[in-house]
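The block underneath contains the structure these notes are about, expressed in structure tokens.
The values are calculated or read from the model by the stated rules, or taken from the named source; none is laboratory data. Everything numeric here is computed off the predicted structure, so don't read it as measured data. Positions of Cβ are generated from backbone atoms using ideal geometry, with glycine treated the same way; all protein chains shown enter the neighbour counts.
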Amino acid sequence: MSTENKNIPSVGMISLGCPKALVDSERIITQLRSEGYQISNEYEGADAVIVNTCGFIDSAKQESLEAISEALTANGKVIVTGCMGVNEEDLNAIPKQVLSISGPQDVDSVMQAVRKSVPIEHDPFIDLLPPQGIKLTPKHYAYIKISEGCNHKCTFCIIPSMRGKLQSRQLHDVMEEAEKLAAAGVKELLVISQDTSAYGLDIKYESQLWRGKVYNNTMLDLCKAMGELGIWVRLHYVYPYPHVEDVIPLMADGKILPYIDAPFQHASYDVLKRMRRPASSDRTLEQIQRWRELCPQLAIRSTFIVGFPGETDNDFEQLLTFLRDAQLDRVGCFRYSPVKGAKSNELDGQVPDEIKEQRWHRLMQLQQEISEDKLEAKVGQTLDVLIDDVNEESAIGRSYADAPEIDGAVHVYSNRQLQVGDIVQVAIEEATEYDLIGSEVVVN
């Protein structure tokens, strides 16, 4: 049963795409609530619907167009924002009936369209807004975006053309948001950006005071500051630059989670060159070894692309060899897909879809075997687990090695009723290909 005040306009929100887009949606919702609008979780009864689109790959664009059409059919008043609001071809594909179209991060344009189509008549200051803003994630974890844009020119990616060059937030601004989230009960912060390792480069790593200490706008100092919050801090989208090694001791000391999400993308020098990606497999393996020497419990996640234009059988075998040597904890793999506007579309040697599919299955089979062995080694250990969900028989949570939605889980049995957001110690008793199973350790 709806509890909305029928005298106050309500706006629906559909958020598609990556965690960075989710943060944009959270900012839009926060602004809506600050101005007095209600948020509707259904088309019926909403005075307008905002669709935050993803335009990274063709399948994401199709999903966005379907969401727009569905919202138009069910509601009629649709405001489009996000990554499909940038290039001309995407703009032309969006139905003309929508009220407005804007690009990513453009909260002001979205709000202008909302105010024009659904004007509010009462005093917005009578509505209370949580100090941490409105979040679309569960209450116990939240994404925190430390920068926008990217200075890289990867041939398969169009994000710089959609989101611009690197734009880092000031450390004090990030930390103010982080403190509010922690005070609101968030147990885990997931640090996101297009390139977390490059944080502060565009603002010349300038110094500033925060809570009586001098910090630089660097990845290291930001991690130091976040490490004082006393909650889990997880790093995503970390390019394997040499200075990343400086952060690893913070993980070994328990200041931030011993977890790195580093998108290596491939291991073949020739493929990486075609991708315009830095590093090589030998240097990357050396880095991984140094990281693990500094923090033996470090969990490393990465993503790879198979079937990139020009990828030969030998290139792919090099990638498999790298995976065997690197023994990564978590791996995601994508079949290469052309993206409108990407430089990789101009490369020769396009790989047939059936070859992409074969390579994807071979890579994932290998990684499944690696994952199974690594998880089996955790049987007998006791891990801290953050509870995400509770059912009648057990609870489902995550250890330090598991990011929400993309990694594995820990299935927890307990003699008491666990709550979402609890952090409990779990004795690991079994392992599957990607998940762990255990029982809560009762601490007297």
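Among the residues making up segment 85-108, those that are in a loop (DSSP other than H, G, I, E, B) and either touching a Leu at 6+ places or on another chain (Cβ under 8 Å) or of a type in the set (D, E, K, R) (or both) are Ile94, Pro95, Lys96, Gln97, Val98, Asp106. Can you find a residue that is out of contact with any His (no Cβ under 7 Å at 6 or more places or on another chain) and under 22 Å from Gly254 (Cα atoms) anywhere in segment 357-370? No, the conditions are met nowhere in segment 357-370. Evaluating Arg163 against the criteria (1) of a type in the set (D, E, K, R); (2) surrounded by 19 or more Cβ atoms within 10 Å (Cβ to Cβ); (3) modelled with pLDDT of 85 or more leaves one unmet condition, (3). Filtering Ala67, Ala71 for residues that are surrounded by 20 or more Cβ atoms within 10 Å (Cβ to Cβ), modelled with pLDDT of 90 or more, of a type in the set (A, V, I, L, M, F, W, C) and in contact with a Phe, Trp or Tyr (Cβ under 9 Å, 6 or more places away or on another chain) leaves a single hit, Ala71. Would you mind stating whether Ile406 is within 28 Å of Ile144 (Cβ to Cβ) and not aromatic (Phe, Trp, Tyr)? Here the answer is yes, as Ile406 does meet what is asked.
Across segment 297-332, the number of residues qualifying as more than 26 Å from the chain's Cα centre (by Cα) and more than 25 Å from Ala252 (Cα to Cα) comes to 11. Here Phe334 meets the list (1) out of contact with any Cys (no Cβ under 8 Å at 6 or more places or on another chain); (2) crowded, with 17+ Cβ neighbours inside 10 Å; (3) not in a loop (DSSP other than H, G, I, E, B) almost entirely, failing just condition (2).
Okay, residues lined up against (1) touching a residue at least 24 places away in the same chain (Cβ under 8 Å); (2) touching a strand residue (DSSP E or B) at 6+ places or on another chain (Cβ under 7 Å); (3) not in a loop (DSSP other than H, G, I, E, B):
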position: Ile8; (1), (2), (3): yes, yes, no
position: Met13; (1), (2), (3): yes, yes, yes
position: Leu22; (1), (2), (3): yes, yes, yes
position: Ile28; (1), (2), (3): yes, yes, yes
position: Gln31; (1), (2), (3): yes, no, yes
position: Glu44; (1), (2), (3): yes, no, no
position: Val49; (1), (2), (3): yes, yes, yes
position: Asn52; (1), (2), (3): yes, yes, yes
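Just one of the listed residues (Leu418, Leu386) is within 23 Å of the chain's Cα centre (by Cα), of a type in the set (A, V, I, L, M, F, W, C) and surrounded by 13 or more Cβ atoms within 10 Å (Cβ to Cβ), and it is Leu386. With a requirement of 1 or more residues that are hydroxyl-bearing (Ser, Thr, Tyr), the strands (runs of 3 or more DSSP E) lying completely within segment 185-241 that satisfy it span 207-210, 213-216.
Every residue in segment 362-377 that is among the aliphatic types (A, V, I, L, M) and either touching a strand residue (DSSP E or B) at 6+ places or on another chain (Cβ under 7 Å) or in a loop (DSSP other than H, G, I, E, B) (or both), please. Before the answer, list the steps.
At the first step, the residues of segment 362-377 found to be among the aliphatic types (A, V, I, L, M) are 363-364, 366, 370, 375, 377.
Hits for segment 362-377 are Leu363, Met364, Leu375, Ala377.
Residues that are in contact with a Lys or Arg (Cβ under 6 Å, 6 or more places away or on another chain) and either closer than 18 Å to Ser59 by Cβ or of a type in the set (Val, Ile, Thr) (or both) within segment 327-352 comprise just one, Arg335. May I ask you to verify whether Phe316 is under 20 Å from His236 (Cβ atoms) and in the same structural domain as Met162 (by TED's automatic domain parsing)? Criteria not met by Phe316.
Quick check on segment 389-399: of everything there that is touching a strand residue (DSSP E or B) at 6+ places or on another chain (Cβ under 6 Å) and either touching a residue at least 60 places away in the same chain (Cβ under 8 Å) or among the polar types (S, T, N, Q) (or both), which residue is surrounded by the most Cβ atoms within 10 Å (Cβ to Cβ)? Here the answer is Ser399.
For segment 353-366, the criterion of being over 30 Å from Lys61 (Cα atoms) and hydrophobic (A, V, I, L, M, F, W, C) is met by at least one residue. Of all the residues in segment 222-250, those that are buried (at least 16 other Cβ atoms within 10 Å of the Cβ), closer than 28 Å to Asp282 by Cα and over 20 Å from the mean Cα position of the chain (by Cα) number 2.
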